[in-house]
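What follows is one structure encoded as structure tokens, with my remarks underneath.
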Amino acid sequence: MAFQPLKKSKIKKSVIKMKTLGLDTSSIANDFQQYFCHTLGRDQTCFSSHYPYEAIAYTIRDRLMERWKRTRHAYEKNDCKRTFYLSMEFLMGRAMGNAMLNLGIENEVEEALHHFGLHLEEVMDSEHDAGLGNGGLGRLAACFLDSCATLQLPVRGFGIRYEYGMFRQRIENCEQIEIPDHWLRDGNPWELERPEYQQTIQFGGYTEHYRDDKGNTRARWVSTYDVMAVPYDIPIPGYRNNTVNTLRLWSAKATDEFNLEEFNSGSYTEAVAAKNAAENITMVLYPNDTSENGKELRLRQQYFLASASIKDILREWKEKHGNDFSQFADKNCFQLNDTHPSCSVAELMRILLDEQGMEWDEAWSITTKTMAYTNHTLLPEALEKWSTQLFKQLLPRLLDIIYEINARFLSEVSCRWPGDSERLKAMSIIEEGPDPQVRMAYLAIVGSFSVNGVAELHSQLLKEGLFKQFYDFTPDKFNNKTNGVTQRRWLAWCNPALKKLINHTIGKEWVVDLDQLTQLKAHVNNKKFQQHWHQVKLQNKQRLSELVFNDCGVKFDTDSIFDVQVKRIHEYKRQLLNILHVIHLYDRIKRGDTKNWVNRCVLIGGKSAPGYYMAKSIIKLICNVANVVNNDKSVGDLLKVAFIPNYRVSAMEIICAGTDLSEQISTAGKEASGTGNMKFMMNGAVTIGTLDGANIEIREEAGEDNFILFGLTASEVEETKKNYNPEAYIRNDDDFMRTMKLLESGHFNQFELGAFDAITHSIKNPYDPWMVAADFRTYIDAQKVAAEAFSDKKRWLKMSILNTACSGRFSTDRTMMEYNRDIWKLKKILPTVEKK
Ligand code: 26W
């Protein structure tokens, strides 16, 4: 037994009366020294920044710990309603800066370290990013947690503690190489293992029916092989308010019993193999952000998260309320981050039916009053489906329940539309065919009382397209919650120079009330303020330029316009359109067409899914073009191009602060929202973009004059698709013609014949879903507008200031208040006050 219960001793309550640790420099310095010398056993001969990092991390964590307990006590004491945010991804990035900012001890920590000859920045650089996510959806979850803690809402995150996070990307010979990210190798001072709350998760076996004491037929799931889920808690501090919420991440562990049985039957190696198989469940994050259908391990992960989290909540409930579930739906809400955790619907049903002995209607009523679902994508290939065969083998009892949910649901639909068998087929949770599939999105919709999209356009398109029939059936479920980002990390933390200027100009309230930034508008014509703004941007561009030089070996001159596109590499995001523009600029330079030229530095970064051939080709094209352009003496500072490897949260903290022009150029109707666009806007970048996702709302806020628009609208895209002729666009446009010629001539792939054939074919394909050719001309023109605007320094400064000033709507504080107002209905709870 790893955890022996205490028998003779009983820990006195006084043990939780912790002394309050000082937030002043000398308390921090003392504790740092204690950890560094005594706990870690290092001295002045230590040459690695890891130990100072670890020592200061523990020092800071101690200060979170007491607030964490008081927050937990307050939630327990109040018996308040709570929300659980279920997500397969939490892209937390680094924790230390955030903790210091939110505790308000950045200066004290810096001074304390300085006292021992250490530089904070260098020490902080030792922290690995917690890269437990792919992109937007995972980072959004992280921003949500920050805002909930700041708003003092009782919200807990539930996720998976992947041993290996998002792979590290290296570029070798202009190609992406994936390197495993063993982020936990040096330990993780921000987590607290909680083996006392571990749960048993079942897989396999079969459903058995039996009669209970009252003679009713009931079902149970038997002959399963079990895996343990061990929780690790991570503190989520609110901004200077003493609240510390929890992110609980589950790690898979083999059960002891399992191993013993195998061991006793003489098969030691099999026992070890079985142990490995069990622990494999949380080994690695799937690095795909569009489709991962069919992979058995992925379904295991999804059920593992759903089951462990729901069991954890039921354990807490029963400790307090026993078997009385009458209030359960009033006190609990599960927010499903996309369909990935949607097994939760069936799992909650299973436990209420089989383990609590509830009748169907009561269990269904509780389930559909507690589940809420957020959709994050319109791409049909991202809609998860699992073969019923796989489901039956892995989660047989869950499949029974899903069939029953479906039967009851379809009977309701047919009451409403009698005889409409086409509709029934279209809305069925089970997709019929030779290999029937469970449609997870439909399960999530049917099982939830709320279904939301993540930007106005996206929510509208869900109602008109993807989920139209569900909207017709239950229109009241559907709502919009436009995404945001937390201004604590994405302005206050990542842009200290701008923070200082803003604080000086309008005070500090914006850190917890981002709408306050509108006050900056009053200063937009103030010369001195403009000058300061310019200085700040220049300083941030200098920082970015150093990063680019270190990581790419390319020199970016800070007088140029910094034109940046960083995000996952995907055809719909159209990094290809960006690089076509670069090729066009290169062509202009080579032809001497450089009148009124504005020097430009183009930065592109992002990871491709390892098996996504086109995305990898696009990376290669970008890198090849960069090599040709940067090594051409005749180009010089007119144009620089760099691909930044291993784009991640901590890199974005430097990138967004130093950007002039933010590229948000997806095919209209494809990007659900975007959140990078908001980070750039907040930091005073101007957007060049299509009318897609949250760009529309960004433009509404910033004003048409401060947003550079181009491209077809979502409905024009659909219209143009009907008879799309990309070759005609090329033929009728000299710039486009020359760009394609240059690309097809092999100028960028001199010794790699045909390397970009797939790319040129896709541009010319009449069925190109991303319509690159259709938007080429307006994009090139819009880039010209951007360059002209940039060359007019005053005009650009105003645009930059107004973008920041109008970014208030894009705080996740606003997003969370809306979720809470319309979906969760939680009360704000203050941490308990320690009696002296
Ligand atoms: C099945 C694998 C998989 C994994 C992740 C499929 C789909 C996803 C996500 C839906 C991808 C994602 O991150 N979507 C992004 O979510 C952001 C937050 O809402 C939006 O801002 C982005 O527009 C959307 O692409």
Single residue of Tyr767, Tyr819, Tyr779 found to be of a type in the set (Phe, Trp, Tyr), open to solvent by less than 40 Å² (accessible area, probe 1.4 Å) and farther than 19 Å from Leu585 by Cα:
Tyr819
Residue selected from region 176-192 under the condition exposed (fewer than 14 other Cβ atoms within 10 Å of the Cβ) and assigned to a strand (DSSP E or B), by the criterion farthest from the chain's Cα centre (by Cα)
Ile177
Members of region 198-256 that are over 25 Å from Tyr75 (Cβ atoms) and of a type in the set (Ser, Thr, Tyr)
Thr200, Tyr206, Thr207, Tyr210, Thr217, Ser223, Thr224, Tyr225, Thr255
Hey, Leu247 within 16 Å of the ligand (Cβ to nearest atom) and within 27 Å of Arg185 (Cα to Cα) or not:
no
Single match in Phe304, Phe334, Phe325 (criterion: touching a residue at least 12 places away in the same chain (Cβ under 8 Å), crowded, with 17+ Cβ neighbours inside 10 Å, within 16 Å of the ligand (Cβ to nearest atom) and more than 29 Å from Tyr572 (Cβ to Cβ)):
Phe304
From the list Phe325, Phe334, pick out the single residue that is among the aromatic types (Phe, Trp, Tyr) and closer than 16 Å to Ser448 by Cα.
Phe334
Search result, residues across region 485-513 that are under 22 Å from Glu701 (Cα atoms), open to solvent by 10 Å² or more (accessible area, probe 1.4 Å), in a helix (DSSP H, G or I) and in contact with an Asp or Glu (Cβ under 8 Å, 6 or more places away or on another chain)
Arg489
What are the pairs with Cβ atoms under 8 angstrom where one residue, in region 373-392, is more than 13 Å from Asn337 (Cα to Cα) and assigned to a strand (DSSP E or B) and the other, located anywhere, is small (Gly, Ala, Ser) and open to solvent by 30 Å² or more (accessible area, probe 1.4 Å)? Sequence gap at least six, or different chains.
Trp386/Gly294; Ser387/Gly294
In region 341-351, is there at least one residue being within 19 Å of the chain's Cα centre (by Cα), within 30 Å of Ile179 (Cβ to Cβ) and open to solvent by less than 10 Å² (accessible area, probe 1.4 Å)?
yes
Requiring at least 1 residues that are under 19 Å from Val155 (Cβ atoms) and in contact with a helix residue (DSSP H, G or I) (Cβ under 6 Å, 6 or more places away or on another chain), the helices (runs of 4 or more DSSP H) wholly within region 67-135 are 96-103
Can you find a residue that is at pLDDT 95 or above and small (Gly, Ala, Ser) anywhere in region 249-267?
yes
Kindly list, by first and then second residue, each pair from a residue in region 730-747 that is without any contact (Cβ under 8 Å) to a residue 60 or more places away in the chain and on the phi > 0 side of the Ramachandran plot to a residue that is open to solvent by 60 Å² or more (accessible area, probe 1.4 Å) and in a loop (DSSP other than H, G, I, E, B), limited to pairs with Cβ atoms under 8 Å and residues at least 6 apart or on different chains.
Gly746/Leu753
Looking at Gly357, Gly419 in this structure, which one is within 30 Å of Cys80 (Cβ to Cβ), part of a loop (DSSP other than H, G, I, E, B) and open to solvent by 20 Å² or more (accessible area, probe 1.4 Å)?
Gly357
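Quick check, is Arg315 surrounded by fewer than 24 Cβ atoms within 10 Å (Cβ to Cβ) and within 16 Å of the ligand (Cβ to nearest atom)?
Numbers: surrounded by fewer than 24 Cβ atoms within 10 Å (Cβ to Cβ): yes; within 16 Å of the ligand (Cβ to nearest atom): no.
For Arg315, the condition - surrounded by fewer than 24 Cβ atoms within 10 Å (Cβ to Cβ) and within 16 Å of the ligand (Cβ to nearest atom) - is not met.
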Take the residues in region 518-559 that are of a type in the set (Ser, Thr, Tyr) and part of a helix (DSSP H, G or I); name whichever of them is surrounded by the most Cβ atoms within 10 Å (Cβ to Cβ).
Ser545
Considering only residues that are open to solvent by 10 Å² or more (accessible area, probe 1.4 Å), assigned to a helix (DSSP H, G or I) and either within 16 Å of the ligand (Cβ to nearest atom) or free of Cβ contacts under 8 Å to residues at least 24 places away in the same chain (or both), which ones fall in region 685-701?
Ile696, Arg699, Glu700
Please go through (1) more than 16 Å from the ligand (Cβ to nearest atom); (2) open to solvent by 40 Å² or more (accessible area, probe 1.4 Å); (3) closer than 23 Å to Leu348 by Cα for Ala277 and return the number of the only condition it doesn't satisfy.
(3)
Does region 10-42 hold any residues that are closer than 15 Å to Arg67 by Cβ and part of a loop (DSSP other than H, G, I, E, B), and which are they?
Lys17, Met18, Lys19, Thr20, Leu21, Gly22, Leu23
What's the total number of residues in region 76-87 that are open to solvent by less than 30 Å² (accessible area, probe 1.4 Å) and within 17 Å of Ser147 (Cα to Cα)?
5
I'd like the full set of residues that are more than 16 Å from the ligand (Cβ to nearest atom) and either in contact with an Asp or Glu (Cβ under 9 Å, 6 or more places away or on another chain) or in a loop (DSSP other than H, G, I, E, B) (or both), limited to region 424-460.
Lys425, Ser428, Ile429, Glu432, Gly433, Pro434, Asp435, Pro436, Ser448, Phe449
Got at least one residue in region 385-398 being surrounded by 22 or more Cβ atoms within 10 Å (Cβ to Cβ), modelled with pLDDT of 95 or more and within 15 Å of the ligand (Cβ to nearest atom)?
yes
Looking only at region 350-361, decide whether some residue is of a type outside the set (A, V, I, L, M) and within 16 Å of the ligand (Cβ to nearest atom).
no
Taking the criterion of being at pLDDT 95 or above and within 25 Å of Tyr286 (Cβ to Cβ), would at least one residue in region 680-693 satisfy it?
yes
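Residue-by-condition table, conditions (1) open to solvent by 40 Å² or more (accessible area, probe 1.4 Å); (2) touching a Phe, Trp or Tyr at 6+ places or on another chain (Cβ under 7 Å); (3) more than 16 Å from the ligand (Cβ to nearest atom):
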{"residue": "Asn631", "(1), (2), (3)": "yes, no, yes"}
{"residue": "Lys640", "(1), (2), (3)": "no, yes, yes"}
{"residue": "Asp660", "(1), (2), (3)": "no, yes, yes"}
{"residue": "Glu663", "(1), (2), (3)": "no, no, no"}
{"residue": "Lys670", "(1), (2), (3)": "no, yes, no"}
{"residue": "Met681", "(1), (2), (3)": "no, yes, no"}
{"residue": "Gly703", "(1), (2), (3)": "no, no, yes"}
Would region 461-476 turn up any residue that is hydrophobic (A, V, I, L, M, F, W, C), surrounded by 18 or more Cβ atoms within 10 Å (Cβ to Cβ), assigned to a helix (DSSP H, G or I) and within 16 Å of the ligand (Cβ to nearest atom)?
yes
Could you check Gly136 against (1) away from the ligand (no atom under 16 Å from the Cβ); (2) of a type in the set (Gly, Ala, Ser); (3) within 13 Å of the chain's Cα centre (by Cα); (4) more than 21 Å from Ser309 (Cα to Cα) and say which number it fails?
(1)
Open to solvent by 50 Å² or more (accessible area, probe 1.4 Å), acidic (Asp, Glu) and either in a strand (DSSP E or B) or modelled with pLDDT under 85 (or both) - does that describe any residue in region 229-236?
no
How many residues, within region 727-764, are open to solvent by less than 10 Å² (accessible area, probe 1.4 Å), over 18 Å from Tyr613 (Cα atoms) and among the β-branched types (Val, Ile, Thr)?
1
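The values are calculated or read from the model by the stated rules, or taken from the named source; none is laboratory data. Predicted model only: the values in this text are computed from it and were never measured. Cβ: placed from backbone, ideal geometry, glycine included. Neighbour counts: every protein chain shown. Note: areas computed on protein heavy atoms with side chains; ligands, DNA, RNA excluded. Shrake-Rupley method; radii C 1.70, N 1.55, O 1.52, S 1.80 Å.
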